[in-house]
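The values are calculated or read from the model by the stated rules, or taken from the named source; none is laboratory data. The shown structure was predicted, so the numbers you read here are calculated from the model rather than taken from an experiment. Ideal geometry is used to build each Cβ from the backbone, glycine not excepted, and the neighbour counts take in all protein chains shown.
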There are 2 protein chains.
Amino acid sequence: MKSIEEIQQAVKSYLASLDWHIAPVGLYEPIEYVLSLGGKRIRPTLSLMACQLFGGKLEQAMGPAIGLEIFHNFSLLHDDVMDKADMRRGHPTVHKKWNENTAILSGDAMLIKAYQFVSKCDDSVYRSVLDVVSATCLGVCEGQQYDMEFETRTDVSLPEYLEMIRLKTAVLLAGSLKVGALCGGASLQDADLLYDFGIGVGLAFQIKDDWLDVYGDVAKFGKAIGGDINCNKKTFLLITALEKADAVSKATLMEWLAKEKFDRAEKVKAVTAIYDKLDVGSDAEKAMRHHYESAVAALKRVSVSEELKKPLYDLADQLLYRED
Amino acid sequence: MKSIEEIQQAVKSYLASLDWHIAPVGLYEPIEYVLSLGGKRIRPTLSLMACQLFGGKLEQAMGPAIGLEIFHNFSLLHDDVMDKADMRRGHPTVHKKWNENTAILSGDAMLIKAYQFVSKCDDSVYRSVLDVVSATCLGVCEGQQYDMEFETRTDVSLPEYLEMIRLKTAVLLAGSLKVGALCGGASLQDADLLYDFGIGVGLAFQIKDDWLDVYGDVAKFGKAIGGDINCNKKTFLLITALEKADAVSKATLMEWLAKEKFDRAEKVKAVTAIYDKLDVGSDAEKAMRHHYESAVAALKRVSVSEELKKPLYDLADQLLYRED
């Protein structure tokens with residue numbers, strides 16, 4: 001059995017072996033660039049781990065795993081255009097390095113390439129794998145749509161928020177696990193349980209991300225603290241705070257949300273003080289734990305030995321108890 | 001056997017029966033809008049005709065046929081963003097009616113939906129159909145990339161131009177035919193011959209389009225005459241003119257291409273005069289005929305009776321001897 005690190009390495013080697021020097025260069029070069037920026041390769045790693053869990057060889061799931069990583073990077077590429085983001089993983093985004101049209105068109109080509117890689121699986125699972133991938137990818141688009149709509153709203157409820165992060169973040173982790181399981185020969189029931197595991201981990205992961213933005217260790221957290229606060233992102237913390245706040249705190253929060261001009265540090269300090277007073281950090285931790293436990297409960301029900309599941313428990317721990 | 005008109009009607013009815021009232025509305029409403037703008041539905045019609053040619057029922061190819069039409073409209077949607085086009089089929093484009101982010105994201109969702117429809121085919125042809133679709137869609141992206149690159153070049157050769165229109169226009173017609181043929185139970189050899197028929201028709205169709213822009217009947221041609229001339233589009237006529245022109249005509253042409261400010265009617269008149277003098281209209285007609293004949297030669301070799309092929313010959317004639 002391969003370790004998480006060996007699997008991650010296998011994914012990286014496979015990605016590095018791909019040849020993107022195809023004509024027209026202007027279409028494929030940005031794809032190579034995006035895929036070379038790195039990242040933890042969590043999604044394909046999950047696929048391969050799920051495949052291995054059922055006794056499958058890594059090769060059986062490698063095509064779909066890489067397809068899902070290409071899809072993930074495609075979605076980041078187009079999201080960056082929509083968010084007008086200048087940087088991604090410490091490098092200029094494609095629409096900054098090239099231009100917007102290139103970012104749109106190379107992204108489109110990436111999505112098609114993703115399907116081509118997903119197709120590299122056994123005939124026996126081909127249709128089920130493709131179905132999971134399409135449903136997953138559509139879910140990610142729906143999540144991005146909700147996320148964009150939330151930007152201009154201040155009345156987002158917690159269930160709405162959870163549905164948004166389920167779609168935008170969790171379904172791709174869950175879909176990656178399910179696809180890998182199917183490639184490895186899992187029953188549909190076990191594949192679905194792994195999907196549920198992925199949903200739980202994904203929700204907890206995203207709530208942790210929200211928490212880190214406020215309570216993370218600046219030195220360890222990759223980005224500046226308070227980024228979400230400054231751009232009024234509807235995070236678990238903000239939504240919970242708006243729901244829990246008394247009239248005075250709510251008015252102060254709404255005032256900060258409405259301000260067009262402000263000192264960034266001052267806003268972070270003021271909003272964090274309200275979060276502290278309302279103790280929403282603890283609420284986030286409680287929610288995280290809840291989703292983490294649902295994830296674990298699903299994984300426990302998968303019909304293979306607990307010993308074999310250990311790497312998946314470990315990966316979930318790594319993702320949720322991370323400090324960056 | 002169904003007539004072309006009956007098949008077109010079946011496509012239109014199927015499209016009209018689709019329910020796009022799905023949450024999030026902001027994602028799916030633009031898709032419904034784009035698909036409701038009409039068009040001749042040539043691609044799905046070709047798929048269904050090809051299916052019928054081999055004795056298949058229309059239902060066998062309907063899913064993939066609709067998927068290809070959704071893909072075609074997706075590519076128009078993203079092209080309109082890239083070209084900053086305001087209108088499409090007499091209606092505001094999606095990025096004008098909504099905004100650019102909506103056009104990008106709803107387009108992405110359309111591409112995934114296209115794959116979901118393409119999946120609605122028999123297991124026996126599923127993999128071959130998906131492979132043709134992915135290769136076709138990637139070809140269209142490559143064609144669009146070349147087309148954008150040509151905008152800033154004045155040294156585009158005729159072979160380069162033909163490769164661009166092959167990718168941007170012809171492969172989707174060809175792929176639609178091949179997919180329909182496969183769904184209808186054709187041998188790979190016959191499906192490939194239909195593909196070649198589609199390439200020939202597609203090349204002739206695009207050259208006709210270039211020709212109509214200059215020599216079309218204003219009343220019958222949907223758009224204003226000379227649109228391509230005004231925006232320096234690298235058409236069959238312009239490229240041939242640049243290749244045939246003597247030093248004086250070439251200098252005049254290059255001068256018009258370089259002008260930033262000009263009277264549109266005057267430019268159309270001057271450039272058309274050069275085209276007339278060099279007789280590039282006849283060259284275009286010759287090239288059209290050549291590709292049309294290749295198309296017919298491929299169709300002739302398909303192993304079904306000539307009687308059954310008649311609607312396909314008729315459709316090719318309709319497309320190539322059209323005046324709009």
### Message
Take the conditions under 28 Å from A:Asp228 (Cβ atoms), facing chain B (nearest Cβ under 9 Å) and charged (D, E, K, R) and apply them to A:Glu100. Does it pass?
### Response
yes
### Matching residues, the range A:275-298, being touching a Leu at 6+ places or on another chain (Cβ under 6 Å) and closer than 25 Å to A:Asp190 by Cβ
A:His291, A:Tyr292, A:Ala298
### Message
Can you tell me which of (1) closer than 30 Å to B:Asn232 by Cα; (2) touching a Lys or Arg at 6+ places or on another chain (Cβ under 9 Å) is the one B:Arg166 doesn't meet?
### Response
(2)
### Query
Filtering the range B:238-291 down to residues that are within 15 Å of B:Leu158 (Cα to Cα), of a type in the set (A, V, I, L, M) and part of a helix (DSSP H, G or I), which residue is nearest to the chain's Cα centre (by Cα)?
B:Met288
### Task
Looking only at the range A:62-74, decide whether some residue is more than 22 Å from A:Ala174 (Cβ to Cβ), in contact with a helix residue (DSSP H, G or I) (Cβ under 6 Å, 6 or more places away or on another chain), modelled with pLDDT of 95 or more and within 14 Å of chain B (Cβ to nearest Cβ).
no
### Query
Which one of the conditions (1) without any contact (Cβ under 8 Å) to a residue 40 or more places away in the chain; (2) under 28 Å from B:Ser128 (Cα atoms); (3) in a helix (DSSP H, G or I); (4) not hydroxyl-bearing (Ser, Thr, Tyr) does B:Lys40 fail to meet, given that it meets all the rest?
(3)
#### Entry: A:Asp83 being within 11 Å of chain B (Cβ to nearest Cβ) and either touching a residue at least 60 places away in the same chain (Cβ under 8 Å) or surrounded by fewer than 20 Cβ atoms within 10 Å (Cβ to Cβ) (or both)
yes
### Only one of B:Leu46, B:Leu130 that is away from chain A (no Cβ under 14 Å), surrounded by 21 or more Cβ atoms within 10 Å (Cβ to Cβ) and in a helix (DSSP H, G or I)
B:Leu46
### Message
Of all residues being within 11 Å of another protein chain (Cβ to nearest Cβ) and assigned to a loop (DSSP other than H, G, I, E, B) in the range B:9-33, which is surrounded by the most Cβ atoms within 10 Å (Cβ to Cβ)? Just the residue, please.
### Response
B:Pro24
### Query
Say we look at the range B:104-127 and pick out the residues that are assigned to a helix (DSSP H, G or I) and either more than 9 Å from chain A (Cβ to nearest Cβ) or modelled with pLDDT under 95 (or both); which of these is surrounded by the fewest Cβ atoms within 10 Å (Cβ to Cβ)?
B:Ser124
### Query
Taking the range A:133-160 as the region of interest, how many residues are more than 7 Å from chain B (Cβ to nearest Cβ), in a helix (DSSP H, G or I) and either of a type outside the set (A, V, I, L, M, F, W, C) or without any contact (Cβ under 8 Å) to a residue 12 or more places away in the chain (or both)?
7
### Of all residues in the range A:161-203 being among the polar types (S, T, N, Q) and part of a helix (DSSP H, G or I), the one that is nearest to A:Arg41 (Cα to Cα)
A:Ser176
